[in-house]
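Enquirer: Just passing along the structure, written as structure tokens.
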Amino acid sequence: MSHDQQFLVGSLLVLALLAVVVGVPLYVIAKVMPRFHCARRKREIETAMRLGVADRELMDEVAGELYYEREGRR
């Protein structure tokens, strides 16, 4: 093998190695991240719904207290 052929083979091997080192993690990220974001968004929605329920319960409690205060004054 001549020097030019060795250089060409070496260059191709380096390019293939870089493609694997860069390409595989990018592929994995592209496949995993949407599921990760979906799960995170689901948790955010669930938390918001749970806080909304708690807020409604607190609002009902305060409204009841205000009602009883007003009724007690009359």
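The values are calculated or read from the model by the stated rules, or taken from the named source; none is laboratory data. As the structure is a prediction and not an experimental result, all values here were calculated from the model. Note: ideal-geometry Cβ built from the backbone for every residue, glycine included; neighbour counts use all protein chains shown. Areas reflect the complete protein model, heavy atoms only, side chains present, ligands, DNA and RNA absent. Shrake-Rupley method; radii C 1.70, N 1.55, O 1.52, S 1.80 Å.
Enquirer: Tell me the mean residue ellipticity at 222 nm calculated for the chain from its helices only (DSSP H runs of n ≥ 4, each -39500 (n - 2.57), averaged over every residue, nearest 500).
Expert: Numbers: 1 runs with 71 residues, N = 74.
Helices in the chain give a 222 nm mean residue ellipticity of -36500 deg cm²/dmol.
Enquirer: In terms of the Cα gyration tensor, with a ≥ b ≥ c the square roots of its eigenvalues, is region 1-44 rounded because a/c is under 1.5, prolate because a/b exceeds b/c, or oblate?
Expert: prolate
Enquirer: Now for a different question. Over region 12-74, with the other protein chains present, what is the accessible area per residue in square angstrom, probe 1.4 angstrom? Mind showing how you got there, number by number?
Expert: Working: 6040 Å² over 63 residues.
Counting only protein heavy atoms, the per-residue value for region 12-74 is 96 Å².
Enquirer: Dipole of the chain, Cα-centred, from +1 at each Lys and Arg C-beta and -1 at each Asp and Glu C-beta, to the nearest 20 debye? Don't skip to the end; give the middle numbers.
Expert: Working: 11 positive and 10 negative charges, 39 e Å.
For this selection, approximately 180 debye.
Enquirer: Which translational diffusion coefficient, to the nearest whole µm²/s, is obtained for the chain from the Stokes-Einstein equation, given a Kirkwood hydrodynamic radius over C-alpha pairs, 37 °C and 0.692 mPa s? Can you show the working numbers first?
Expert: Values: Rh = 18.3 Å.
Estimated via Stokes-Einstein, D reaches 179 µm²/s.
Enquirer: Quick one: helix 3-73 against the long Cα principal axis of the chain, what's the angle to the nearest 10°, folded into 0 to 90?
Expert: Result, in degrees: 0.
Enquirer: A follow-up question, please. Counting only protein heavy atoms and using a 1.4 Å probe, what share of the accessible area of the chain belongs to carbon plus sulfur, as a whole percent?
Expert: Details: 4770 of 7100 Å².
Carbon and sulfur together cover 67 percent of it.
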